[in-house]
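Engineer: Before I ask anything, let me first share the structure, which is written out below as structure tokens.
The values are calculated or read from the model by the stated rules, or taken from the named source; none is laboratory data. A quick note: this is a predicted structure, and the numbers were derived from the prediction, not measured. Here Cβ is always computed from backbone atoms with ideal geometry, including for glycine, and neighbour counts include all displayed protein chains.
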Amino acid sequence: MNIRPEGVAGLVGNKNFRSKMESVLLSLPAFLIYSFIIIYPMVSVFYMSFFKWNGIPSSSMEFTGLRNYIAFFMDNRFYTALRNIGIFILSGFLLILPVAFFLATVIQSKLRGKRFLRTSYFFPQVISRTAIALMWYFLLYPEGGPVASLFHMIGLNTVDVNFLGSKIWAIYAITVINAWTYAGFNMLIFSAGLTSIPEEIYEAAVVDGVNPLQKLMYITVPMMKSSFQLFVINCVIGSITTFEMVYATTGGGPGSASEVFGTLLYKNAFTYNNYGYSNAIGSFLIIASFGATLILNFIFSKRDRD
Amino acid sequence: MVKKRNAVGFLMAMAMVLSLFSGCSGNNSGAGGSSQASAGGQNQAGNEKVAVRILTRYSNPDNVREKYFIDRVAKFKSENPDIDLQDISVSDENSRDTKFKTSVASGNPIEVFNFLGYAANIDYVKNGVVADLDPLFKEDPEWTKNYKKSLFSPVDYSAYGIEGIYGIPTTPYGVCTFYNKAIFDKLGIQIPETWEQIEAAAPKLIEKGITPMAFGAKDNYRGGHFLTALSMKVYGADLKDRLISGEEKWNGKDTVSLISYMKKLYDEGVFGKNNLAYTADGELAKLESGEAAICFSGSWNIATINGFSNAKDIVCKGFPYFEAHQENKDMWMGGPDDFLAISSKPGDADYDATVKVLKYFSSQDYWQGLYEVQKGSGTYPVSFGEVIPADTLTNGFNEYYNSAVNMIGEIEQYDKMAALMDVVRTNMQTIFSGSKAQEIGDVIQGEVDNYLASNK
């Protein structure tokens, strides 16, 4: 089809067309940058996951189809990691959520010095994860460490206090460290939610004779739905992709007791030279995170509609 | 007016897109330039510095040997202003591996690096990451004339059909045992040299609140070293050969019996408690403080132990043997380890500078300096004209080391499965968190089977 010159000129002169073109052109740089730093690596991860490669550019890549995925799903460590991620998510709801919510109410109260408290609670978030791991390593040190000493002081001499060196307790110890680190960040999310609730509603409730527990259950929690939704998505995605805290404390050990998908990915790439397999784990992580976000958003939007 | 605003908006949008593209193209050339520079330094202008990176495991200034390396890097820089030597060394083995592997995978391998050799690293040789040094050795025979020739075997891949020598040895070692003699004297116990004697002495030491043998299992290599050293005292090199050929399985009777013995020692309290809470450095600290009576370690720690406040109380002997296996008393874990290698090839812009760095850190002058700094203690890849009278620990070590009739590196190093070393070490670690010997053997063999299945 030939476009007549006057047709093109007419199109360019068209206000609606120009406006659309402007939108496209203005968003193009952001789209290109996004594609380059997010889409391209993701596509590359998926592509590489179908090959066997040892990480040496000059060595040949052997196409293996779905073999990396099958091997990953058949690996016992996949199920260990899955279980540990589950524990992480659960600890988010049982530890981080109540603590962060409580801290949010503290910094939203009329307490004196709440600015100091807010900074203190948020402080772990700005410390390097390696430094946190080192600090907790000494806190949990079984010979004379503060936690072990506390256990002995209260008469629990028979308890094996080597938490990070225990196949059973290591993952739980890490979730406690994780909760300590992230409670402050989630406190801010809940604090923002609390701020958005108009004071008049509470005042009206007081007039109606509502007690504090009823205020919490029937006003605060329902009106903070979006904060809770944000927390849930953060908690689930953060747990699925967790890496640095586990790596810095136990490295996934002892054995593979505290392994998570992130540590498996890292080890397969940088210790075992299984880059294809490692990319299969990476692909799984991308799909799992994306899938979890979709499912959670679907559940939340369905609830909103209902 | 509105028309004019729209036109300006359109033009701005166009300009933004165009600037992005031109930025990209500018970046491309820039990135290429920087990549070339970091890849060892294109000496574009005659007076421009050539960048050469060096990656070793020497970054801890508290360690005598590492401090010496750091000082020599500074000296090299002052003597060679035309070479921008970038020391990216890191003491931690895993971090070092990650740095090296990342540089290789990104197509920009570090120019001078410490290479571990053996079959486990054959892929790097086969795929041309590591340069053949043999032509350089032939070109400059003076350079290596004092090196002990037997130390080159782990970087000689002729058995695999690859000609050449792919590294120069830096750290010959022997796994040995240090004893806090003062503790044994105080308790009136003779220093035990066999496992039977150690097991007999253990209850007396434990009764006094002393750990018989410190074992810092937080460093997972400790378990790997122990297994190999123990296997040499029971089976000589035979078990290693059988495991590598596949004749013996990792969950086979002989291997499991060794792991069981380790487990037995742990259960008897020979290794003390909370082993997963401390590292190899912790072992030395316990030996110095008297918390532990024995520390199985290696010759690389002799200089550090000489710096102990109670160094005169420490004696060095070979790794304990079994009275029931006297024939293997002089079988050792040890030999060459850590080679210095290069990735640059003749014709590369940074080749001459890289070779200069390599030669500097493996020269006779370099070793002579270290020999003097360490006052003759420790082990060296070269022989010296004038022998410095060594300290008691070195003499003790040499007495045993020189009697070695066979010496091997860690068993997993001889296997082509690159992951095997970590698999074995990580699983040996679980002895200290309650795993059974058979379980450990089964997990390791499972990994080996998976590897073999995927590499058919």
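So that you can scan it fast, the table gives a plain yes or no per residue for (1) crowded, with 18+ Cβ neighbours inside 10 Å; (2) within 12 Å of another protein chain (Cβ to nearest Cβ); (3) over 22 Å from B:Thr98 (Cα atoms):
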{"position": "A:Ile33", "(1), (2), (3)": "no, yes, yes"}
{"position": "A:Ile38", "(1), (2), (3)": "no, no, yes"}
{"position": "A:Met42", "(1), (2), (3)": "no, no, no"}
{"position": "A:Ser49", "(1), (2), (3)": "yes, no, no"}
{"position": "A:Trp53", "(1), (2), (3)": "yes, yes, no"}
{"position": "A:Pro57", "(1), (2), (3)": "no, yes, no"}
{"position": "A:Phe63", "(1), (2), (3)": "no, no, yes"}
{"position": "A:Ile70", "(1), (2), (3)": "no, yes, yes"}
{"position": "A:Phe73", "(1), (2), (3)": "no, no, yes"}
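Engineer: Taking A:Ala133, is it closer than 20 Å to A:Ser256 by Cα and within 14 Å of chain B (Cβ to nearest Cβ)? Can you show your working first?
Structural biologist: On the way: closer than 20 Å to A:Ser256 by Cα: yes; within 14 Å of chain B (Cβ to nearest Cβ): yes.
The answer is yes for A:Ala133.
Engineer: Among (1) under 30 Å from A:Ala81 (Cα atoms); (2) polar (S, T, N, Q); (3) modelled with pLDDT of 90 or more, where does A:Asn162 come up short?
Structural biologist: So A:Asn162 meets the others, but not (3).
Engineer: Taking B:Leu239 as the residue in question, decide whether it is crowded, with 21+ Cβ neighbours inside 10 Å, among the aliphatic types (A, V, I, L, M) and under 28 Å from the mean Cα position of the chain (by Cα).
Structural biologist: Answer is yes for this residue.
Results for (1) among the small types (Gly, Ala, Ser); (2) at pLDDT 95 or above; (3) crowded, with 20+ Cβ neighbours inside 10 Å, shown as yes or no for each residue.
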position	(1), (2), (3)
B:Ser343	yes, yes, yes
B:Val355	no, yes, yes
B:Lys359	no, yes, no
B:Ser363	yes, yes, no
B:Ser377	yes, no, yes
B:Pro381	no, no, yes
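Engineer: Return yes when B:Ile314 is crowded, with 16+ Cβ neighbours inside 10 Å and either more than 27 Å from B:Lys101 (Cα to Cα) or in the same structural domain as B:Glu412 (by TED's automatic domain parsing) (or both) and no when it is not.
Structural biologist: yes
Engineer: Something else: Is it true that B:Gly223 is in contact with a helix residue (DSSP H, G or I) (Cβ under 7 Å, 6 or more places away or on another chain), buried (at least 23 other Cβ atoms within 10 Å of the Cβ) and within 27 Å of B:Leu258 (Cβ to Cβ)?
Structural biologist: When the stated conditions are applied, B:Gly223 passes them.
Engineer: Spot the failing condition for B:Pro389; the list is (1) in contact (Cβ under 8 Å) with a residue 40 or more places away in the chain; (2) part of a loop (DSSP other than H, G, I, E, B); (3) of a type outside the set (A, V, I, L, M, F, W, C), and only one is missed.
Structural biologist: (1)
Engineer: While we're on this one: Taking the stated definitions as given, is B:Phe21 surrounded by fewer than 17 Cβ atoms within 10 Å (Cβ to Cβ), over 30 Å from B:Tyr351 (Cβ atoms) and modelled with pLDDT under 90?
Structural biologist: Considered against the rule, which asks whether it is surrounded by fewer than 17 Cβ atoms within 10 Å (Cβ to Cβ), over 30 Å from B:Tyr351 (Cβ atoms) and modelled with pLDDT under 90, B:Phe21 comes out as yes.
Engineer: Select the helices (runs of 4 or more DSSP H) contained entirely in region B:130-208, then report the ones holding at least 2 residues which are touching a residue at least 24 places away in the same chain (Cβ under 8 Å), β-branched (Val, Ile, Thr) and not assigned by TED's automatic domain parsing to the domain that holds B:Asp352.
Structural biologist: Qualifying helices (runs of 4 or more DSSP H): B:195-207.
Every residue, every condition in (1) within 11 Å of chain B (Cβ to nearest Cβ); (2) part of a helix (DSSP H, G or I); (3) in contact with a Pro (Cβ under 7 Å, 6 or more places away or on another chain); (4) farther than 29 Å from B:Val104 by Cβ, yes or no:
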residue: A:Asn268; (1), (2), (3), (4): yes, yes, no, no
residue: A:Asn273; (1), (2), (3), (4): yes, no, no, no
residue: A:Ser278; (1), (2), (3), (4): yes, yes, no, no
residue: A:Gly282; (1), (2), (3), (4): no, yes, no, no
residue: A:Thr293; (1), (2), (3), (4): no, yes, no, yes
residue: A:Leu296; (1), (2), (3), (4): no, yes, no, yes
residue: A:Lys302; (1), (2), (3), (4): no, yes, no, yes
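Engineer: Name, by its number, the condition in (1) within 14 Å of chain A (Cβ to nearest Cβ); (2) surrounded by fewer than 19 Cβ atoms within 10 Å (Cβ to Cβ); (3) free of Cβ contacts under 8 Å to residues at least 12 places away in the same chain; (4) assigned to a helix (DSSP H, G or I) that does not hold for B:Lys456.
Structural biologist: Just one mismatch for B:Lys456, condition (4).
Engineer: Being of a type in the set (A, V, I, L, M, F, W, C) and within 15 Å of A:Gly253 (Cβ to Cβ) is the filter here, so list the residues in region A:137-192 that pass it.
Structural biologist: A:Leu140, A:Phe163, A:Leu164, A:Ile168, A:Trp169, A:Ala170, A:Ile171, A:Ala173, A:Ile174
Engineer: Moving to a separate point now. Yes or no: region A:81-92 includes at least one residue that is farther than 29 Å from A:Val221 by Cα, in a helix (DSSP H, G or I), out of contact with any Asp or Glu (no Cβ under 7 Å at 6 or more places or on another chain) and within 14 Å of chain B (Cβ to nearest Cβ).
Structural biologist: Scanning region A:81-92, I find no residue that is farther than 29 Å from A:Val221 by Cα, in a helix (DSSP H, G or I), out of contact with any Asp or Glu (no Cβ under 7 Å at 6 or more places or on another chain) and within 14 Å of chain B (Cβ to nearest Cβ), so the answer is no.
Engineer: What's the number of the condition B:Ser91 fails, among (1) more than 14 Å from chain A (Cβ to nearest Cβ); (2) without any contact (Cβ under 8 Å) to a residue 60 or more places away in the chain; (3) buried (at least 17 other Cβ atoms within 10 Å of the Cβ)?
Structural biologist: (3)
Engineer: Can you pull out every residue in region B:262-282 that is at pLDDT 95 or above and either out of contact with any Phe, Trp or Tyr (no Cβ under 9 Å at 6 or more places or on another chain) or surrounded by fewer than 16 Cβ atoms within 10 Å (Cβ to Cβ) (or both)?
Structural biologist: B:Lys263, B:Lys264, B:Asp267, B:Glu268, B:Gly269, listed by residue number.
Engineer: Would you say B:Ala37 is crowded, with 19+ Cβ neighbours inside 10 Å, among the hydrophobic types (A, V, I, L, M, F, W, C) and either modelled with pLDDT under 90 or in a loop (DSSP other than H, G, I, E, B) (or both)? Write out each step before concluding.
Structural biologist: Working: crowded, with 19+ Cβ neighbours inside 10 Å: yes; among the hydrophobic types (A, V, I, L, M, F, W, C): yes; either modelled with pLDDT under 90 or in a loop (DSSP other than H, G, I, E, B) (or both): yes.
Yes: the conditions hold for B:Ala37.
Engineer: Separate question: Name the residue, out of A:Ala131, A:Ala104, that is closer than 16 Å to A:Phe190 by Cα and within 24 Å of the chain's Cα centre (by Cα).
Structural biologist: Exactly one residue qualifies, and that residue is A:Ala104.
Engineer: Considering each residue of region A:57-74, count those that are in a loop (DSSP other than H, G, I, E, B) and without any contact (Cβ under 8 Å) to a residue 24 or more places away in the chain, and give that number. Give the derivation first.
Structural biologist: Going residue by residue through region A:57-74, those that are in a loop (DSSP other than H, G, I, E, B) are A:57-61, A:64-66.
Retained after the next criterion (residues that are without any contact (Cβ under 8 Å) to a residue 24 or more places away in the chain): A:57-60, A:65-66.
Here the count works out to 6.
Engineer: When B:Gln429 is evaluated against the numbered criteria (1) within 12 Å of chain A (Cβ to nearest Cβ); (2) within 29 Å of B:Pro320 (Cα to Cα); (3) without any contact (Cβ under 8 Å) to a residue 40 or more places away in the chain, which criterion, by number, is the only one it fails?
Structural biologist: Unmet for B:Gln429, out of (1) within 12 Å of chain A (Cβ to nearest Cβ); (2) within 29 Å of B:Pro320 (Cα to Cα); (3) without any contact (Cβ under 8 Å) to a residue 40 or more places away in the chain: (3).
Engineer: Return the total of residues in region B:105-120 being surrounded by 24 or more Cβ atoms within 10 Å (Cβ to Cβ) and facing chain A (nearest Cβ under 10 Å).
Structural biologist: Of the residues in that region, 1 qualify.
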